[in-house]
Amino acid sequence: MNTMLELSDVHTYYGHIHALKGVSITVAEGEIVTLIGSNGAGKSTTLKTISGLLRPRSGDVRLNGDLISGQQAHAVAKLGVAQSPEGRRVFPRMSVLENLQMGAFVNGHARDEDLIRVFDLFPRLKERISQHAGTLSGGEQQMLAIGRALMARPRMLLLDEPSMGLAPILVEQIFRVVQDINAQGTTVLLVEQNALMALAIAHRGYVMQTGEIVLTDDAHVLMRNEGVRKAYLGED
């Protein structure tokens, strides 16, 4: 498989705080790759560095071999990278439709076929199409955040904690949709604290601790790793 995304020895700072310490990651075209770790490990910082919201102090981020580190977020989005952020970040006073249309802004305007795709994945959003996003449930807002990202027609989708705060039945639904999105041809990099669910749908995984990658392997291998099971799967 062709490498779509590659991070090489990336160092990112928040002021004087060294958040990413030599992070190297690859994601092949068509994969679901998950990044797991505890709070503060650097997972969200990694996504923000990829999407252009943060600029690495050193190291390279490449998309299909082209250097994108240091580019602004809107330029990275135009290259085919879309992010569904932690905390959903929907526009609460705008309708569901208006939120989705904002996701298509990078391509100029919303296409009917893209709306149809989102509504096929999330029928609940079609039922709420005129409703203000701020009045949606947490699960519906997460659906909207992912749908908004898909409106940009990304080649790579960055998902930041999509299961956060959701009931287990909604978590299962969201993860099934992530698999469907991947099956339709979108490469996915998934940041998730629910390591069990993330590894269950991923092809490969990386484990982060305090800004560093400490372990990587096929997802099914990581699920059997004793250290991973104790630290992230809640097993003694």
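Residues that are in a helix (DSSP H, G or I), touching a strand residue (DSSP E or B) at 6+ places or on another chain (Cβ under 7 Å) and not hydrophobic (A, V, I, L, M, F, W, C) within region 18-48 comprise LYS43, SER44, THR45, THR46, listed in sequence order. One residue stands out in region 61-83 among those that are small (Gly, Ala, Ser) and outside any strand (DSSP E or B): the one that is surrounded by the fewest Cβ atoms within 10 Å (Cβ to Cβ), namely GLY65. When region 135-150 is filtered for residues that are of a type in the set (A, V, I, L, M) and free of Cβ contacts under 8 Å to residues at least 60 places away in the same chain, the ones remaining, listed by number, are LEU136, MET143, LEU144. Does ARG57 qualify as being in contact with a Phe, Trp or Tyr (Cβ under 7 Å, 6 or more places away or on another chain) and either surrounded by fewer than 17 Cβ atoms within 10 Å (Cβ to Cβ) or more than 21 Å from ASN2 (Cα to Cα) (or both)? Criteria met by ARG57.
The residues on offer are ARG88, ARG55, and the sole one that is in contact with a helix residue (DSSP H, G or I) (Cβ under 9 Å, 6 or more places away or on another chain), modelled with pLDDT of 90 or more and of a type in the set (D, E, K, R) is ARG55. Any residue at all in region 9-29 that's modelled with pLDDT under 95, among the hydrophobic types (A, V, I, L, M, F, W, C) and under 16 Å from LEU159 (Cβ atoms)? Taking every residue of region 9-29 in turn, none turns out to be modelled with pLDDT under 95, among the hydrophobic types (A, V, I, L, M, F, W, C) and under 16 Å from LEU159 (Cβ atoms). Looking only at region 15-33, residues that are within 16 Å of VAL81 (Cα to Cα) and either among the polar types (S, T, N, Q) or free of Cβ contacts under 8 Å to residues at least 12 places away in the same chain (or both) come to 1 in all. So is GLN131 under 16 Å from the mean Cα position of the chain (by Cα) and outside the structural domain of ILE50 (by TED's automatic domain parsing) or not? For GLN131, the condition - under 16 Å from the mean Cα position of the chain (by Cα) and outside the structural domain of ILE50 (by TED's automatic domain parsing) - is not met.
For region 3-19, the criterion of a residue being buried (at least 17 other Cβ atoms within 10 Å of the Cβ) and among the small types (Gly, Ala, Ser) is satisfied by at least one position.
The values are calculated or read from the model by the stated rules, or taken from the named source; none is laboratory data. Note that the structure is a prediction, hence the values are computed from the model and not measured. Neighbour counts are summed over all protein chains in view; Cβ atoms, including those assigned to glycine, are modelled from backbone coordinates with ideal geometry.
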